[in-house]
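The values are calculated or read from the model by the stated rules, or taken from the named source; none is laboratory data. Note that the structure is a prediction, hence the values are computed from the model and not measured. Note that each Cβ is placed from the backbone with ideal geometry, even for glycine, and that neighbours are counted across all protein chains shown.
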Ligand code: SAM
């Protein structure tokens with residue numbers, strides 16, 4: 001059987017990946033959840049027809065979403081992940097000497113399916129004693145929690161369905177209220193090529209709340225157009241420690257194995273290519 005997953009970005013553009021087998025296909029209370037097997041990317045998690053992560057290139061996205069903010073922070077101990085159902089962000093966050101990682105994912109079916117069909121992406125992170133998994137709406141959690149976090153990583157779907165509220169100024173303001181004074185936030189912020197207005201809107205909403213806002217990028221071939229953006233925000237922490245300091249923090253924290261992130265990649269990521 002051969003079919004194609006077509007990840008449509010709107011504006012007349014999409015990216016198609018040929019799949020050899022559909023291993024899972026079910027409508028959860030929140031979204032259509034699929035796992036497809038492809039020669040090009042291995043197994044892929046697809047939600048509402050959008051490619052979320054693949055065995056072949058998940059490390060790029062997860063290393064860049066996690067290590068740029070966490071290495072920028074001098075000593076991150078309490079981490080909050082919003083979304084991230086596949087567990088890749090959780091796995092990378094646990095490479096740091098953290099006290100706890102709280103992961104708030106609205107759809108438990110994504111976690112179950114990822115653990116079953118894509119175990120290599122979370123690499124056992126769900127069973128780490130520092131992991132605190134909560135299946136609930138991230139917006140409600142940040143409004144209600146009395147905990148404080150050194151870093152918030154927003155690993156959400158694109159702004160549709162339950163993900164829409166995770167891109168609002170109101171949500172970012174609530175996040176600012178539960179960060180420690182030197183706390184950092186990073187959010188996946190879409191394609192710099194094909195979702196420029198989304199990316200600019202995220203920067204605008206974050207800039208209404210945080211004095212330091214800086215978009216950065218990584219190369220994720222499974223995402224339409226490959227270039228993908230993330231946006232860093234903080235009240236007091238600069239996202240660009242010197243390359244020597246980045247190297248020192250990677251070494252002193254024993255981070256690894258890392259396959260994409262490095263001191264050079266950290267700094268190059270903030271040089272956004274000017275794109276048509
Ligand atoms: N890396 C992927 C990307 O950039 O497209 C995202 C990975 S992860 C699969 C996205 C997760 O966000 C999904 O599991 C989805 O259920 C979750 N999500 C969406 N809205 C949410 C909300 N309001 N609260 C918590 N999780 C949410």
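Figures for the structure shown
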item: Lone unmet requirement of (1) touching a helix residue (DSSP H, G or I) at 6+ places or on another chain (Cβ under 6 Å); (2) under 30 Å from residue 17 (Cα atoms) for residue 191; result: (1)
item: When residues of segment 232-247 are limited to those that are surrounded by 19 or more Cβ atoms within 10 Å (Cβ to Cβ) and farther than 18 Å from residue 262 by Cα, the one farthest from the ligand (Cβ to nearest atom); result: 237
item: Unique residue being buried (at least 21 other Cβ atoms within 10 Å of the Cβ), within 11 Å of the ligand (Cβ to nearest atom) and more than 17 Å from the chain's Cα centre (by Cα) when the list is 31, 52; result: 31
item: Complete set of residues in segment 1-22 that are more than 16 Å from the ligand (Cβ to nearest atom) and more than 16 Å from residue 226 (Cβ to Cβ); result: 1, 2, 3, 4, 11, 12, 18, 19, 20, 21, 22
item: Count - residues of segment 69-91 that are surrounded by 24 or more Cβ atoms within 10 Å (Cβ to Cβ), more than 8 Å from the ligand (Cβ to nearest atom) and part of a strand (DSSP E or B); result: 3
item: Count - residues of segment 118-158 that are part of a helix (DSSP H, G or I) and either within 9 Å of the ligand (Cβ to nearest atom) or crowded, with 18+ Cβ neighbours inside 10 Å (or both); result: 8
item: Qualifying residue in segment 49-59 (condition: free of Cβ contacts under 8 Å to residues at least 40 places away in the same chain and in contact with a strand residue (DSSP E or B) (Cβ under 6 Å, 6 or more places away or on another chain)); result: no
item: Inter-residue pairs, beta-carbon under 6 Å, first more than 20 Å from residue 209 (Cα to Cα) and in the same structural domain as residue 110 (by TED's automatic domain parsing) and in segment 156-176, second part of a helix (DSSP H, G or I) and near the ligand (Cβ under 7 Å from one of its atoms), 6+ apart; result: 157/163
item: Residue in segment 160-181 that is away from the ligand (no atom under 11 Å from the Cβ), closer than 23 Å to residue 257 by Cβ and in contact with a strand residue (DSSP E or B) (Cβ under 9 Å, 6 or more places away or on another chain) present; result: no
item: Any hit, segment 55-68, residues being more than 17 Å from the chain's Cα centre (by Cα) and more than 14 Å from the ligand (Cβ to nearest atom); result: no
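Residues are listed down the side, and each one gets a yes or a no for (1) in the same structural domain as residue 189 (by TED's automatic domain parsing); (2) within 21 Å of residue 233 (Cα to Cα):
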| site | (1), (2) |
| --- | --- |
| 13 | no, no |
| 25 | no, no |
| 30 | no, no |
| 48 | no, no |
| 62 | yes, yes |
| 86 | yes, no |
| 91 | yes, no |
| 95 | yes, no |
| 98 | yes, yes |
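The rows are residues; the columns are (1) within 24 Å of residue 270 (Cβ to Cβ); (2) in contact with a strand residue (DSSP E or B) (Cβ under 8 Å, 6 or more places away or on another chain).
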position: 73; (1), (2): yes, yes
position: 81; (1), (2): yes, yes
position: 102; (1), (2): no, yes
position: 121; (1), (2): no, yes
position: 127; (1), (2): no, no
position: 130; (1), (2): no, yes
position: 140; (1), (2): no, no
